[in-house]
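Engineer: Below is the structure I would like to discuss, written out as structure tokens.
The values are calculated or read from the model by the stated rules, or taken from the named source; none is laboratory data. No experiment lies behind these values; they were computed from the predicted model shown. Glycine gets a Cβ as well: all are built from the backbone with ideal geometry, and neighbour counts include every protein chain shown.
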Amino acid sequence: MNNTLISIGAAAIIGGSSFLGAAAIVAAPNTTKQITFAQVKKNNKSTSCWTVVNNKVYNVTNWINQHPGGSARILALCGKNGTFMFDGKHSGQSAPENVLASYQIGVLKKRN
Ligand code: HEM
């Protein structure tokens, strides 16, 4: 009985992940554009929410209201370096990492 319940749960997670994978393809992330941290800092609100994770820049505005862990945790990343918050919770987890990758808009420009 317990095994049946676990199987249903696993199927739900796999189904969710494949949907998220499709979203990643549609989003066609930009992995080369150089973006300064000053630009990231300006996009610090729910209507335009950019964050940095491991020197890559993401526009996660559309994820705020989709995050299974709640909108507040995404809002806390807006305009900031979200590396420690994201990695602290999700490092090594494929579903969150795939979703994040789908929102990439560039790389953090190094200071001269
Ligand atoms: C843009 C950044 C983030 C993305 C793309 C993201 C993505 C996801 C995804 C895809 C899930 C569902 C995982 C699954 O069901 O397999 C999830 C769940 C969750 N996330 Fe995030 N997340 C982000 C940031 C954060 C942050 C910063 C925190 C907390 C500090 C957080 C806390 C949670 C929690 C509590 C859950 C509920 C399920 C669980 O405990 O794993 N997330 N997130």
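Engineer: Among the residues that make up segment 11-24, is at least one of them surrounded by fewer than 16 Cβ atoms within 10 Å (Cβ to Cβ), more than 9 Å from the ligand (Cβ to nearest atom) and modelled with pLDDT of 95 or more?
Structural biologist: no
Engineer: Go through 52, 99, 60 for me and flag whichever is in contact (Cβ under 8 Å) with a residue 40 or more places away in the chain, among the hydrophobic types (A, V, I, L, M, F, W, C) and more than 6 Å from the ligand (Cβ to nearest atom).
Structural biologist: Values: 99 fails: more than 6 Å from the ligand (Cβ to nearest atom); 60 fails: more than 6 Å from the ligand (Cβ to nearest atom).
52 is the lone residue from the list that is in contact (Cβ under 8 Å) with a residue 40 or more places away in the chain, among the hydrophobic types (A, V, I, L, M, F, W, C) and more than 6 Å from the ligand (Cβ to nearest atom).
Engineer: So, one more: Residue by residue through segment 74-94, note down the ones that are more than 13 Å from residue 53 (Cα to Cα) and surrounded by 15 or more Cβ atoms within 10 Å (Cβ to Cβ).
Structural biologist: 75
Engineer: I'd like to verify a number: residues in segment 76-86 that are in contact (Cβ under 8 Å) with a residue 12 or more places away in the chain and within 9 Å of the ligand (Cβ to nearest atom), how many?
Structural biologist: Initial filter on segment 76-86 (in contact (Cβ under 8 Å) with a residue 12 or more places away in the chain): 77-83, 85-86.
Filter again for within 9 Å of the ligand (Cβ to nearest atom), leaving 77, 82, 85-86.
Matching residues across segment 76-86 total 4.
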